[in-house]
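Below is one structure, written out as structure tokens; comments come after it.
Taken together, the values in this text are just the output of simple stated rules run on the coordinates, not laboratory data. Note that the structure is predicted; figures quoted are calculated from it, not measured. Don't worry about glycine lacking a Cβ; one is built from the backbone with ideal geometry, like all the others, and counts go over all protein chains shown.
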Amino acid sequence: METINHTHEHTHTHPHPNYHPPNQKKPGWFHNLLNPLRRVVDGIQIKNNRFAHLICQTIPCCCPFERQIKLFGKTIDIPPLCKLNPLYDEFVGLRFRALSYLADVCGEDVTKYIC
């Protein structure tokens with residue numbers, strides 16, 4: 001099998017120094033308002049297995065609000081509303097840190113917490 005070497009260099013820059021790609025939004029006032037709370041949740045350290053178990057039991061592995069409802073022969077999909085939570089990513093990260101602590105440090109089986 002041949003080896004592929006990537007030698008193409010990207011030397012072009014955009015003429016505007018404040019250019020952001022279309023999918024990258026600048027944080028608004030609401031995002032900035034929640035930054036201290038985000039830092040608090042991100043700063044929570046998992047140091048014992050009881051706390052880690054509590055986090056894994058409290059924060060669900062998948063959104064409990066996502067549903068499919070059949071009404072008059074038609075299926076209505078309700079999307080996962082958890083993503084509307086502005087701290088969703090931080091809580092998922094906290095749950096992952098708790099799972100990692102239980103598996104790596106405590107050597108416990110965490111399959112009961114995995115969907």
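Points to keep in mind about this one:
- Here the Karplus curve 6.51 cos²θ - 1.76 cosθ + 1.60, taken at θ = phi - 60°, turns the phi angles of segment 54-62 into couplings of 4, 5, 5, 7, 7, 8, x, 7, 9 Hz, with x standing for Gly and Pro.
- Sparse packing (at most 15 other Cβ atoms within 10 Å of the Cβ) combined with a DSSP loop state is found for the following chymotrypsin sites (Phe, Trp or Tyr not before Pro) in segment 49-115: 65, 72.
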